[in-house]
Amino acid sequence: MNGSVNGHDVNGGGDLAPPKGSWTIGLINSKFRYLTAESFGFKINANGTSLKKKQIWTLEPSKDAGSTVYLRSHLGKYLAVDSFGNVACDSEERDPGTQFVISVADDGSGRWALRNVARGYHLGACADKLTCTAKVPADAELWLVHLAARPQVNLRSVGRKRFAHLSESLDEIHVDANVPWGEDTLFTLEFRADEGGRYALHTCTNRYLSREGKLVETLNPNCLFSAEYHQGQLALRDCTGAYLAPIGSKAVLKSRSNTVTKDELFSLEDSLPQASFVAGLNARYVSVKQGVDVTANQDEISDHETFQLEYDAATKRWYIRTMQDRYWTLETGGGIQASSDKKSSNALFDLVWQGDGSVGFRANNGKFITTKRSGHLYANSDAVDDTAKYFFYLINRPILVLKCEQGFVGYKSNSSPKLECNKASYETILVERSEKGVVFFKGQNGKYWHVDGESVTADSDAPEGFFIELRDPTHVCIKSTSGEYLVAGKNGAFRLGESDYENATKWEY
């Protein structure tokens with residue numbers, strides 16, 4: 001579900017680029033069934049039991065002001081109502097019959113009513129059939145919204161034009177970061193089907209935001225919010241009807257107002273991968289702490305040792321960006337400096353993954369970057385030897401959510417520690433860093449992952465090592481320290497099984 005609530009890439013058919021302010025969503029009726037567009041005959045129903053491809057809709061804003069939207073299926077067709085109230089989904093054009101106005105139910109449930117503009121009636125579902133015959137929305141015409149964007153996001157305030165991050169004391173969220181940098185700006189927007197389809201804001205420290213602005217360890221009703229759409233932006237409403245907003249000079253995120261202004265609106269931005277690299281030669285972190293020179297000379301990770309990886313789809317290479325908005329660049333003598341604020345061909349690098357979990361950086365001169373004894377980085381090697389190896393840590397994913405074409409990685413059942421990869425809802429996975437790029441995965445039950453050729457279970461007291469390999473901006477491969485990749489099998493089987501990354505599953509993270 002690569003979409004973003006701001007209209008980035010959206011899975012599904014049709015080549016239409018979604019306009020700005022688009023959301024990818026699922027719509028759930030009062031019987032907790034999803035609105036579904038079948039792949040054949042453009043048939044529609046409300047029979048879906050989980051959010052998969054056929055249940056994903058793109059909510060596109062109209063040019064009019066207000067909450068007027070269009071609903072486009074995964075086949076690229078628009079949901080439409082004719083003059084008799086018949087509902088179909090075979091139109092390629094936006095016309096008056098495809099326009100809906102969103103209103104939020106005043107019963108505190110956070111559910112939406114969708115009124116067709118041309119007909120003036122509300123979209124509803126009964127049995128296999130969609131209807132548009134109710135002047136006033138009742139239970140059958142009220143829909144829960146399941147956001148289908150990647151669940152781990154950066155949260156940007158529309159009013160303050162700043163990003164949310166954890167406070168230094170780790171007990172609040174402050175909305176005053178100019179750029180979303182590091183793990184403390186990553187939030188998981190958890191859809192809680194068991195809590196009436198509301199959302200919880202989960203931090204990298206494994207806590208939940210409560211409406212009073214404090215982070216708490218246990219989910220309670222004060223941590224649940226319903227999602228509202230306001231001209232392409234998101235508002236989060238608590239159990240008392242008040243909305244989250246940044247408050248005061250510290251911009252503390254908490255509930256206050258019962259009305260929506262720019263202060264109560266947010267956009268959910270895709271979180272770009274940010275990483276740290278340990279040089280194989282001296283086991284020091286690569287850093288720009290000393291200025292423009294990129295040097296492997298630090299023992300700890302700070303913002304100076306964290307780099308954002310920005311993918312260039314045309315060349316399948318990467319720009320490596322510092323927090324100061326400078327890019328690693330190949331200089332004339334072969335040295336690597338973070339000196340340019342502009343992207344150029346000399347700022348592009350190939351990531352070449354090695355068998356031991358390390359990565360080599362091939363610069364624009366065709367040479368691999370090596371670490372000198374001084375710690376300085378130069379692109380002067382024809383091969384990835386020990387001086388050209390760097391161990392990789394995905395810094396801004398201390399909690400992982402994994403997804404493949406079959407669904408999310410989650411537990412087989414509430415009582416089973418066995419993981420499968422065809423789940424409608426995800427399990428958050430804790431990531432612990434070890435040495436030389438090795439990470440350990442831990443379940444929320446406090447147990448480590450145990451893997452073999454048959455299964456993955458979160459039931460071990462002893463950690464087992466993995467490497468994370470970044471393959472594109474939204475996908476990783478995961479390899480055990482024994483050299484086998486985690487793969488998605490038929491019927492949701494989740495196990496070790498491939499030694500060649502070409503055949504390995506690329507997990508959306």
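The values are calculated or read from the model by the stated rules, or taken from the named source; none is laboratory data. Remember, predicted model here, so these are calculated numbers, not experimental data. Using ideal geometry, Cβ is built from the backbone for each residue, glycine included, and neighbour counts are taken over all protein chains shown.
The table below lists the values:
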read-out	value
Some residue of region 176-190 being without any contact (Cβ under 8 Å) to a residue 24 or more places away in the chain, under 27 Å from I56 (Cβ atoms) and not in a strand (DSSP E or B)	no
Residue in region 230-242 that is farthest from R211 (Cα to Cα), counting only those that are out of contact with any Pro (no Cβ under 6 Å at 6 or more places or on another chain) and of a type outside the set (G, A, S)	Q231
Options L170, L219, L215: the member that is in contact with a Ser or Thr (Cβ under 7 Å, 6 or more places away or on another chain), surrounded by fewer than 18 Cβ atoms within 10 Å (Cβ to Cβ) and touching a residue at least 12 places away in the same chain (Cβ under 8 Å)	L170
Matching option when the condition is crowded, with 18+ Cβ neighbours inside 10 Å, outside the structural domain of G108 (by TED's automatic domain parsing) and within 20 Å of Y208 (Cβ to Cβ), among A245, A279, A296	A245
Region 196-209, residues that are in a loop (DSSP other than H, G, I, E, B) and crowded, with 21+ Cβ neighbours inside 10 Å	G197, T203, C204
Positions within region 462-476 being in contact (Cβ under 8 Å) with a residue 60 or more places away in the chain and either of a type outside the set (V, I, T) or in contact with a Ser or Thr (Cβ under 6 Å, 6 or more places away or on another chain) (or both), in sequence order	F467, E469, L470, D472, P473
Residue within region 141-154 that is more than 17 Å from the chain's Cα centre (by Cα), without any contact (Cβ under 8 Å) to a residue 40 or more places away in the chain and not assigned by TED's automatic domain parsing to the domain that holds I247 present	yes
Near pairs, Cβ below 9 angstrom, 6+ apart or cross-chain, from region 99-114 (in the same structural domain as R198 (by TED's automatic domain parsing)) to any residue that is among the hydroxyl-bearing types (S, T, Y) and modelled with pLDDT under 90	none
Meets criteria (within 18 Å of the chain's Cα centre (by Cα) and under 27 Å from D194 (Cα atoms)) for V456	no
Selected residue [free of Cβ contacts under 8 Å to residues at least 60 places away in the same chain and farther than 22 Å from T185 by Cα] from G280, G335	G335
Segments classed as strands (runs of 3 or more DSSP E), wholly inside region 302-420, with at least 1 members that are under 20 Å from the mean Cα position of the chain (by Cα) and either of a type in the set (G, A, S) or closer than 30 Å to G443 by Cβ (or both)	307-312, 390-394, 407-411
From the options L144, L59, L130, residue that is within 29 Å of N422 (Cα to Cα) and touching a Phe, Trp or Tyr at 6+ places or on another chain (Cβ under 6 Å)	L59
Hey, I336 touching a His at 6+ places or on another chain (Cβ under 9 Å), buried (at least 19 other Cβ atoms within 10 Å of the Cβ) and either under 27 Å from S499 (Cα atoms) or outside the structural domain of Y501 (by TED's automatic domain parsing) (or both) or not	yes
Some residue of region 297-319 being more than 23 Å from A164 (Cα to Cα), among the aliphatic types (A, V, I, L, M) and in contact (Cβ under 8 Å) with a residue 24 or more places away in the chain	no
Filter result for the condition that a residue is surrounded by 21 or more Cβ atoms within 10 Å (Cβ to Cβ) and modelled with pLDDT under 90, over A193, A149	A149
Sole residue being out of contact with any Cys (no Cβ under 7 Å at 6 or more places or on another chain) and either surrounded by fewer than 22 Cβ atoms within 10 Å (Cβ to Cβ) or of a type in the set (V, I, T) (or both), chosen from G85, G76	G76
Residue tally, condition in contact with a helix residue (DSSP H, G or I) (Cβ under 7 Å, 6 or more places away or on another chain) and farther than 18 Å from L394 by Cα, over region 330-373	7
Residue in region 248-259 that is basic (K, R), at negative phi and exposed (fewer than 15 other Cβ atoms within 10 Å of the Cβ) present	yes
